[in-house]
Amino acid sequence: MKVMKLYPRDTVALAVEELKKGDRVTIDGQEIEVLDNIPQAHKIALKDFAEGEGIRKYDNIIGNASRPIRRGEWVHSHNEVTTLGKEREYCYEPVEDAVYPGESDRTFMGYERSNGTCGIRNYVAVISTVFCANGPLARIASEARKKYEPNDHFDGFVALDQEFGCSQTGEDLVTTEKIIANIARSANFGGVLLVSLGCEMAIPSELTQYMTDLDPARIQVITLQESPDEIGEAMEKIDLLMKEIDKDRRQPQPFSKLHIAVNCGGSDGYSGITANTMLGTLCDRLVSEGATVNMTEVPEMMGAEHILMNRAKDEETFQKIVWMIREYNTYFDRYGEKAADNPTQGNKAGGLTTLEEKSLGCIQKGGHCAVMGVYDYGEAVDTRGYVLVSGPGNDLAGVSGQIAAGAVLTLFTTGRGTPCGFAGPTFRLSSNSALAERKPGWIDYDAGRFLGASEDTKARLDQELYDQVMACLDGAQTCNEKNGYFQMGALKDGVTL
């Protein structure tokens, strides 16, 4: 199979392998001569297009022809342009087959916390509240690892340093505080040591207003400016946290207490039809069994937002999605930027041309789930089912927002490849098999095998993915955990003093 048409009404097809000028391919029983050299995962025209005519993929318009295009030509940035740019009007047209939160007797082996949340890991997090504390934080984490090794109920130390925490004002500072505090609240952390300089704006006394539901014995603070022996004092506080950790054991937990994030980065032309499609099927199943799944990347919903809006559970939720999209457009306008510029050089090299195309592939991660809620960046989720969290396409800031929202596992797809780990386990799927083979130390699951597979094989792969995610929930480490790759970040939108 050299080419693949995704939906019956599509007017472009995917090159499953590199096509050479003069090749002949067959689609819908008709033979098409290839008029250009077309890279793998890029698009071939299935018809002649007039200038300005819409180009259809995923059964939706992904852009317009910027000049006449002949059947068999390569369709990409040289002859296709985005349709985005003007604010759109939306009408709520709810779909009837959306997947709503269900109930099941499924369980996972997790750690229940005093506030009722459940983690899938039992780490101690060492978190700096300002960039000035990053050096001592690294030393503290290093000394702690020497003293305490992981065991069957302790997964180790996660050191999370900070880029900001000071020289911020207004809502920008509040956002940073919420991200730090709500990541510290992660149910994957059986204990947290906050490492403060002492004069920063995001001081622990400001952070704790968001952490009142936590067991105070599980939160320790060291203020570096006040300590004559910062490493010694920090280790004393680590000792106190480890006494609490030693009380913890995994127990069967209901799926109603499971919260997962889905995200993608470095997408390519296969992402929307392999890894993201598989995540969509998994999302449908997890939500129907009682779990919560959150998705972000608002800029990468644009061009596909109407699909999410029509899956809103009610008119109020629909209006919240409309508001979220318009707020992000306002954000771009404030800085004189365009959302349509989102696709990166890597995205384009991988076969994605416009933001619409990227977004239609991106939202496949949500399957057919009804949108049960919409949340601000930095806000904790309190709704079961599939929810949207406002946040950027930037992986670090976006996933940090999802973890702050309550997710204990991030399912992350990539076509180009990335080793980035976040503030917890990150289960990474490759959209193509070549990446999985080239970077086995980065990739947890090869979703490239889904491409062109039979329905029986697809069903087997979907079950295989489900089983591997279940194993991860029960303690199997992800690549980022094995590598020790952890970090957090926050969306910056304000003056630096």
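Taking every Cα-Cα distance in the chain and sorting them into 10 Å bins from zero, the calculated P(r) comes out as 4, 19, 29, 25, 15, 6, 2, 0 percent. Taking all protein chains together and a 1.4 Å probe, the residues Lys257, Lys20 rank Lys20, Lys257 from largest to smallest accessible area. Between Arg438 and Asp456, the simple spin-label model (points 7 angstrom out along Cα→Cβ) gives 3.3 nm. Angle of helix 455-473 to the longest C-alpha principal axis of the chain, folded into 0 to 90 degrees and rounded to 10: 10°. A Cα-only calculation for the stretch 246-292 places Rg and Dmax at 14.8, 48 Å. Near Arg460: Cβ cut-off under 12 Å, other residues only, Lys/Arg at +1 and Asp/Glu at -1. The net charge is -3. In terms of its C-alpha gyration tensor, the stretch 42-150 has a prolate overall shape, because the principal axis ratio a/c (a ≥ b ≥ c, square roots of the eigenvalues) is not below 1.5 and a/b outweighs b/c. Axis of helix 230-245 versus longest Cα principal axis of the chain: the two differ by about 80°, to the nearest ten degrees.
Near Val389, the amide H atoms lying under 5 Å from its own belong to Met295, Thr296, Tyr375; only residues 5 or more places off or on other chains count, and H is placed 1.01 Å from N. Less than 5 angstrom separates the built amide H of Asp48 from those of Arg71, all sequence-distant by 5 or more or on a different chain.
Between the Cα long axis of helix 134-147 and the first principal axis of the chain there is an angle of about 70°, rounded to the nearest 10.
Label reach from Asp474 (point 7 Å along Cα→C-beta): in the stretch 244-263, amide nitrogens under 18 Å belong to 249-259.
So with the 1.4 Å probe, I'd like the accessible area per residue for the stretch 227-270, rounded to whole Å².
Here the per-residue accessible area is 41 Å².
Working ranking of peptides 7-15, 138-146 by packing, defined as the average number of other Cβ atoms within 10 Å per residue, highest first, is 7-15, 138-146. Is the stretch 309-360 best put as rounded, prolate or oblate by its Cα gyration tensor, with a ≥ b ≥ c the root eigenvalues, rounded for a/c under 1.5, and otherwise prolate when a/b is larger than b/c, oblate when not? The shape class here is oblate.
If you take all C-alpha pairs in the stretch 363-497, what percent of them are over 23 Å apart? Within the stretch 363-497, distances greater than 23 Å cover 40 percent of Cα pairs. For Ile38, the amide hydrogen comes within under 5 Å of the amide hydrogens of Leu19, Lys20, Lys21, counting only partners 5 or more places away or on other chains and with H modelled in the peptide plane.
A crude spin-label estimate for the pair Thr26 and Lys482, with each label 7 Å from Cα along the Cβ direction, gives 4.3 nm. Which whole-number percentage describes the relative contact order of the chain, with Cα contacts under 8 Å and a sequence gap of 6 or more? Rounded, it is 17 percent for the chain.
In order along the stretch 265-277, phi translates into HN-Hα couplings of x, x, 6, 10, x, 8, 3, x, 10, 10, 4, 5, 5 Hz, rounded to whole numbers, per the Karplus curve 6.51 cos²θ - 1.76 cosθ + 1.60 with θ = phi - 60° and x for Gly and Pro.
The label point for Gln225 and the one for Gln209, both projected 7 Å from the Cα toward the Cβ, are 2.0 nm apart.
The values are calculated or read from the model by the stated rules, or taken from the named source; none is laboratory data. In this text, all values refer to a predicted model and were calculated from it rather than measured experimentally. A quick note on method: Cβ atoms are made from the backbone with ideal geometry, for glycine too, and the neighbour counts reach across all protein chains shown. Side chains are part of the model used for accessible areas, which takes the heavy atoms of the whole protein and leaves out ligands, DNA and RNA. Shrake-Rupley method; radii C 1.70, N 1.55, O 1.52, S 1.80 Å.
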